Structure formats: structure tokens, C-alpha cells
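The values are calculated or read from the model by the stated rules, or taken from the named source; none is laboratory data. Just so you know, these numbers come straight off a predicted model, no measurement behind them. Reconstructed Cβ throughout: ideal geometry from the backbone, glycine too, with neighbour counts over all protein chains shown. Accessible surface is based on the protein model in full, side chains and every heavy atom, while ligands, DNA and RNA are left aside. Shrake-Rupley method; radii C 1.70, N 1.55, O 1.52, S 1.80 Å.
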Amino acid sequence: MNILVANWTWYPSGGDWTYVENITRQYIAHGHQIIPFSMQDERNFSNAYSPFFISHIDYKKVNKASPGAAYKVIKTSIWSKEAQQQLEKLLDTVKIDFAHINVIHHYITPIILKILKERGIPVIWTLHEYTPICPESTFISHGQICEKCKGGAFYHCITNKCKKGSLPASLVAATENYVHAALNCYQYVDHYVCPSEFLYQKFRSFNFFPEKLVQLYHGYDYAEVESATRNLGPAPAQKYIVFAGRLEKIKGPYTLIKAVANHPDIQLRLIGTGTQEAELRQYVAEQQLTNVTFLGKLKRAETLKEIGNATFLVCPSEWYEVLGFTVVEAMAMGKPVIGSAIGAIPEMVIEGKTGMLFPHGDVTVLSGRIRELYDRPEQIEEMGKNAKTHIHNLINSEKHYAGLQKLIPGL
């Protein structure tokens with residue numbers, strides 16, 4: 001089969017790409033051909049179909065551009081005529097048997113769904129975020145969980161300035177949701193694949209095409225993780241715990257740093273960069289914390305090595321985490337995880353078995369949990385073994401592919 005895989009990038013860009021990379025490998029291993037549809041970017045992996053990709057859009061430069069240029073970008077984020085035209089050209093060139101949609105909002109846009117349906121192409125969409133039911137996409141407004149837009153009341157995004165605390169950005173985000181809802185773009189998808197039970201139930205509670213929602217955990221190719229585990233070498237001279245992810249408010253690094261401030265003997269290493277990095281570094285300097293180290297953005301092999309040599313990983317997210325491949329990788333390396341009891345994290349971190357949970361944003365409880373687990377090496381070892389077994393059973397490529405085969409006849 002010729003499978004169209006649509007995603008906003010065709011290079012490593014986060015959890016969505018981790019999934020795209022894994023599923024495309026599986027499709028190819030089963031004898032299918034991948035036809036990517038994405039956005040032009042110098043970081044993209046080379047492929048024969050890049051001439052059909054849409055032009056590059058860089059939202060970070062919008063504020064610096066002229067009003068006319070900004071308007072063009074904003075209009076494109078709601079209705080991409082170029083995406084329509086480029087997809088039509090691609091479909092005229094190669095026969096597509098089915099389409100697998102991933103992250104397309106703001107770039108390729110859901111406008112392409114009607115074209116696929118008109119061509120009689122079955123469509124599945126793996127949901128990596130909450131944009132169809134939350135204009136801000138994360139259910140976070142000014143640092144707090146917010147579900148005011150339930151029932152299609154997207155104007156709350158505008159009145160609350162949910163998007164980046166900006167009225168213009170919030171207006172665009174809400175308008176995008178209203179337009180796509182009015183055009184009923186989402187009706188053209190045959191199945192929405194939900195990577196976690198939490199996300200599945202959340203979309204059901206918003207009455208988002210409940211009859212089309214399918215709960216199916218991601219698959220994952222563990223070969224690289226297993227290789228990294230085998231080649232870790234001797235244990236580090238100094239024990240440490242690790243955080244890996246974006247240094248953003250919703251990921252909870254500030255909560256974590258404040259929690260380890262109570263334990264000067266416990267070393268914390270943070271992998272990643274983000275908009276909160278300068279603020280976090282300033283806090284560490286002001287508090288004279290000598291047990292917190294910022295490692296910045298690391299290559300994948302370096303990240304796996306840091307996780308593999310850690311005592312355990314902490315995932316202090318403060319938003320409805322869809323899944324979290326960092327947790328998957330840590331558990332696959334036999335590491336227990338202390339995670340927030342929010343989103344899909346409790347589906348991976350089973351209290352007292354594969355790790356420990358704490359109320360998101362609660363510094364006091366997190367601090368206690370870190371101390372408790374850190375001082376129990378036997379429990380760390382036992383939880384690590386349980387974590388590896390549990391995650392291999394939960395996030396399993398064979399199970400995931402078998403689930404997709406039920407949705408797509410002939411796959």
C-alpha cells in the first residue's frame with residue numbers, strides 16, 4: 001500500500017516525530033511505501049516527495065515581520081490554500097491507499113481532510129495534542145488547567161488571553177477552531193487514534209466524534225534504547241536523578257528544582273532547553289543551589305546515556321500529558337519514575353510498582369517522594385524491573401500495528 005503520512009515536520013521535533021518515525025518504520029517493514037506530506041525545512045530528512053511540501057512557516061518571526069506578512073501567516077494557519085494545491089498535485093502524481101494524519105494544525109491545516117475524502121482515501125488521525133477541543137492545545141491558561149471551552153465555547157480563549165497571554169494570538173487560535181468546526185473538517189476522518197486512555201476519555205467528554213475515537217497505545221522501537229543500556233559502562237562516581245524535556249512551565253521543572261532544593265545531597269541534572277531556562281538558572285543562582293546542573297540540549301545518544309546512568313527520572317508535568325516518550329525510554333532502561341498524577345502519566349507510572357506519583361505542582365509532596373525513593377536502593381531496583389516489564393507490555397509495536405490493521409483493511 002502507498003501510505004500518505006502527514007506531519008508538520010519531517011525531522012526530529014518532539015514526541016510527535018518519535019511516533020511518526022516509529023510507525024513509518026513499521027509500515028516499511030510490512031512492505032508498504034511511505035509518501036510524506038509536510039513543510040519545507042532544511043532540517044528535513046531527504047525524500048523524493050519534498051517538492052510537494054508546503055512553504056516553511058516560522059511563527060517566531062511573525063512579530064518581527066510587517067503587518068502584511070504577519071496577516072498572511074495567520075491566514076495560512078487557519079486555511080492553507082497552498083496545502084490544498086500541493087496535496088492535489090501529489091495525489092495526481094501517486095495513488096494513495098490511505099492517509100495517516102499526525103500534527104497538522106497551524107501549518108498544513110485540517111482543510112486537506114476534505115480533499116482526501118473526495119478522493120475516496122480512508123483517513124486515520126493519531127491525536128498528539130488537544131487542539132480540536134482546546135484552542136490553546138494544552139488545556140493550560142496562565143499556568144492553570146482550564147476547560148472553559150467545553151461545548152465549543154472557544155471565545156473563552158479570547159477573553160482569557162489563553163494563547164501566550166496575548167489577545168491577538170488568542171483571537172487567531174479561537175478563530176481557527178471556530179472555522180474548522182463550522183466547516184466540519186473533522187467529519188472526514190474515519191478513525192481518531194488516542195495514544196492513552198486519558199486522552200480518549202477527554203475527547204469523549206467533549207463529545208468529539210465519540211463513535212470515531214479508538215484508544216490505542218503507541219508502539220515503540222526499543223532497539224536503540226536497549227543498545228544504549230548495554231553500553232552504559234561503569235556506574236557514575238556520583239549518583240543523580242534526571243529530568244529530560246522542554247524547560248517550560250507546563251513541564252514542571254521549576255517545581256522539581258524547588259523540591260530538590262530541600263535535599264542538597266541529591267544531584268539533579270536537567271536535559272533540555274526552553275523559554276523558562278533563563279528564569280530557572282537565575283533561581284538556582286539566587287538560591288545558591290550547588291546540586292542542580294543544566295546540561296542543555298543533548299544528542300539522542302547522550303540523552304539516553306544520562307537517563308541510563310541516573311538513579312531515577314522525574315516527570316513533573318503540569319498539563320494533561322498525552323503520553324510522554326521520555327517516561328517510556330526511562331522505564332525501558334529499567335528506571336523507576338516519579339511522575340505527576342496528571343494526564344496519561346499514571347497509566348505508565350503505577351504507584352508503588354513502577355514508580356511514585358504526586359499531585360502536580362506540589363513541591364512538598366514531590367520533595368518527600370524524591371527523598372523516600374532515593375534512600376531505598378532495593379526498591380529502586382525492584383521498581384526498575386517492574387517498569388521495564390510494564391512499559392514493554394503497554395507501549396508495544398506489535399500491539400499497535402495489530403490495532404491499526406483492524407482500522408485499515410488490507411494493512
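All C-alpha to C-alpha distances of the chain, sorted into 20 Å bins beginning at zero, yield P(r) values of 26, 57, 17, 0 percent in whole numbers. Relative to the longest principal axis of the Cα atoms of the chain, helix 300-309 runs at roughly 30 degrees. Counting only DSSP H runs of at least 4 residues, each contributing -39500 (n - 2.57), and dividing by the residue count of the chain, the helix-based mean residue ellipticity at 222 nm comes to -12000 deg cm²/dmol. Working note: Cα gyration tensor of segment 222-394, eigenvalues times five, square-rooted, sorted largest first, giving semi-axes of 22, 18, 16 Å.
When the Cα positions of Q267, V214, G165 are compared along the charge dipole of the chain, G165 comes out farthest toward the positive end, with charges on each C-beta of Lys, Arg, Asp and Glu.
Restricting attention to the chain, close to 5% of DSSP beta bridges with both partner residues there are antiparallel. Taken per residue, the accessible surface of segment 222-394 reaches 43 Å², heavy atoms only and a 1.4 Å probe.
Dipole magnitude for the chain: about 700 debye, using +1 per Lys or Arg Cβ and -1 per Asp or Glu Cβ, origin at the Cα centre. Ranked by the mean number of other Cβ atoms within 10 Å per residue, highest first, peptides 235-242, 188-195 order as 188-195, 235-242. Relative protection proxy for 9-20, 79-90, from highest mean packing down: 9-20, 79-90 (other beta-carbon atoms within 10 angstrom).
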